[in-house]
Each structure stands twice: as C-alpha cells, then as structure tokens.
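First comes the structure, then the notes that go with it.
The values are calculated or read from the model by the stated rules, or taken from the named source; none is laboratory data. Given the structure is predicted, the values throughout are model-derived calculations rather than measurements. In this analysis, Cβ positions are derived from the backbone assuming ideal geometry, glycine residues included, and neighbour counts consider all displayed protein chains. Quick note on the areas: whole protein, heavy atoms, side chains included, nothing else; ligands and nucleic acids left out. Shrake-Rupley method; radii C 1.70, N 1.55, O 1.52, S 1.80 Å.
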Amino acid sequence: MNKILVATEKPFAQIAVDGIKKAAEDGGMEVVLLEKYTEKAQLLAAVADADALIIRSDKVDNEVFDAAKKLKIVVRAGAGYDNVDLAAATAHGVVVMNTPGQNSNAVAELVFGMLVYAVRNFYNGKAGTELKGKKLGILAYGNVGRRVAHIAKGFDMDVYAYDAYCPASAIEADGVKAVSGQDELFSTCDIVSLHIPATAETRQSINYALVNKMPKGGILINTARKEVINEAELLKLMAERTDLKYITDIMPDADADFRALEGRYFSTPKKMGAQTAEANVNAGVAAARQIVAFFNEGCTRFQVNK
Ligand code: 3PG
C-alpha cells in the first residue's frame, strides 16, 4: 500500500486532515502525519519510506530527496512552489505538483482584512479612510489576483491590474483596467497588492524606484512572498517618505527595522493567507486526490517540473 506523508510545519485544520485521509483511503493509500516539526532531521526520518509527500511551505531540497528513497511525487498543497528544489526533484525522478486556485479565496479575503485594518490606522481610534473609490493595483492577475479584483468591486474600488503573462484583453474582460506595466501600476494606484510568485525574475523586484512611484499616502500590501521585496530599499524609501505604509502577511527578515516605522507597518506573525478551514480542505484534499490519480491512473496534471 502506498504511503503518503503529510509533512506540515504549519498544520492543516483537522477537517482537512480528515478529508486527506478519506481521499487517500478511498484510493487505496495510507496517510502518515508529521505536523509542527521543528527540525529538518524529523522530516528526513519521516520521508524515508514515503511514496508520496504532501507539503505546504515546507522546504524540500536535495537532502530531502536523497533521504526519500521511495518517493515518486510531492504535492505542494497550495500555489507557490518556490520551496521545492525542482531540479533536484527531476534528478531524483520525482514528480512535483501544486494545487493552483485551491486557496485563492482565503488569500484574497485576507488582503481586504488587512487593508481595512491599515486604512483605519490599525484601529487606534483616530479617523482613517475608506477603500471605496480608491485605486487598487493588482500585480499579477492569476487566481488570487482575479479574486482580489472581484472582491474589490464589492468595495466600489477602482481596480487596475498588470500581469506580464496575461493579455490585457483578459483583464479588461473582467471589468478591470489593464495598465502597460509595473511602473504605470505603481504610479497610478493608491494601493498596490502583490500576487507575483518568487522567481529569478521577480526576486527583489519591488524596490525603491518602483514603490517611490506611488502617490502620496500609498499602501503596499504583500500576501505573496517576502523574497520579491528589496527590504533594504523599501526601508530606505519609507524612512524618506513618511506617507507610505507596508502591510504584509510574510514577515520580512528586517521585521524589527520595519516595526520602528510606527503606524506604517504591519506583519502577521505567521503567514495566514491560506490558513482557513476551507482553503486547507480545498488544497489538502486536492493534493491527496492528485496523488491517488497519479498512482492509479498515471495522471500528471498540475506537474510543475516538466
Ligand atoms: C501558497 O503559495 O499557496 C500560499 O502562500 C500558502 O502557503 P501556506 O500553505 O504555507 O500557508
């Protein structure tokens, strides 16, 4: 019987774990859990006899693949797979998949939770502003970006988007204004919400010059990845421009330095975007079903290391 290891430093909700177990058992497989582990050695030991692995933001590198002698497939229950060494996976003959779209709504809802908190001055009792009528710029119009656009319309926001890989016509078809590039998005919008993956192209790309294009009182919100931010340059800019705010669901390495910018910075203590029961069920059960379909039918849909 194939063994699926669910290795989650940040565990799924119990209802999702139950759903993963049921999907695996229905497919003739068994589930082993490794939750809240604190040492890589625990993952290396647990993965030794696993045929399949379900993870979240857990790091899977060459050492993990070396330790996983029976491993055939890793499914990242979520969207971003920058935590998996794809070249090492391919070299070890392991298929890597993600579960795109399954946790998008949870992330998009958090964007607005954090935005309301920010424009109301972190609930300090002083008059803030409203989201209605403000220009919202969405950087990358994928599953999360689209959902953010949809919700923003409910707030009566003026919605703009840019995506290097999505044609303007597809953006405009949703009633969202397509702009010509990142520069125009930042110079046009009062609020910019990041939804780009962490890739060689995007790492450190949100820098001094780009954010400095924002109008007075601009808010940058990041529910994507900390790696896309040039933290040193953002700190320098925010020291110079005391009108800017940075709101993030991914604590920066320079958290203490950002915290010194009192009233203009907020980070969740742990990434919370996908942390809802619904998103956990959607992504976790999708991951289990993809593994079952892979072993039982040879299905490689959603493979990302082709
Ligand atoms: C994703 O890429 O799907 C999100 O960043 C969620 O990550 P998490 O599963 O670690 O919460």
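Observations, loosely collected:
- Entries of Lys70/Lys306; Lys10/Lys236; Lys216/Lys236; Lys134/Lys245; Lys22/Lys69 with Cα pairs more than 22 Å apart: Lys10/Lys236; Lys22/Lys69
- Scanning the chain for GluC sites (Glu not before Pro) lying in DSSP loops with no more than 10 further Cβ atoms inside 10 Å, the longest uninterrupted stretch between such sites is 40-200.
- Residues whose amide H comes within less than 5 Å of that of Leu5, counting only those at least five positions distant or on another chain, are Val32, Asp51, Ala52, Leu53, Ile54 (H built at 1.01 Å from N in the peptide plane).
- Per-residue ³J(HN,Hα) for region 181-189, Karplus 6.51 cos²θ - 1.76 cosθ + 1.60, θ = phi - 60°, Hz, x for Gly and Pro: x, 4, 4, 5, 4, 5, 6, 8, 9
- Cα-only Debye scattering, region 15-92: base-10 log of I(q)/I(0) at q = 0.12, 0.20 Å⁻¹: -0.33, -0.94
- Spin-label model, Gln204 to Lys59: label points 7 Å out along the Cα-to-beta-carbon direction sit 1.9 nm apart.
- What the chain shows is 45 Å² of accessible area per residue, with the surface traced by a 1.4 Å probe over protein heavy atoms.
- Summed over all non-identical Cα pairs, the Kirkwood treatment of the chain gives a radius of 20.3 Å.
- Once exposed loop chymotrypsin sites (Phe, Trp or Tyr not before Pro) are cut out (DSSP; at most 16 other Cβ, 10 Å), longest piece of the chain: 166-306
- Sparsely packed loop sites in region 1-108 (the trypsin sites (Lys or Arg not before Pro) outside DSSP H, G, I, E and B with at most 14 other Cβ atoms within 10 Å) comprise Lys36, Lys59, Lys69, Lys70.
- Accessible heavy-atom area order of Cys189, Cys166, Cys299, highest first, probe of 1.4 Å: Cys299, Cys166, Cys189
- Surface composition of region 117-267: carbon plus sulfur atoms hold 49% of the accessible area, using a 1.4 angstrom probe and ignoring ligands, DNA and RNA.
- Restricting region 140-247 to trypsin sites (Lys or Arg not before Pro) in coil, as DSSP defines it, with at most 10 other Cβ within 10 Å: Lys216
- Note, ³J(HN,Hα) from phi for region 192-198, Karplus 6.51, -1.76, 1.60, rounded to Hz, x at Gly and Pro: 10, 10, 8, 9, 8, x, 8
- Taking the C-alpha atoms of region 41-159, convex hull volume expressed per residue in Å³: 119 Å³
- Only helices reaching 15 angstrom along their own axis (Cα) with mean Kyte-Doolittle hydropathy no lower than 1.0 count here, and for the DSSP H runs of the chain these are 104-119.
- Extent along principal axes [Cα atoms of region 117-267; Å; largest to smallest]: 42, 38, 22
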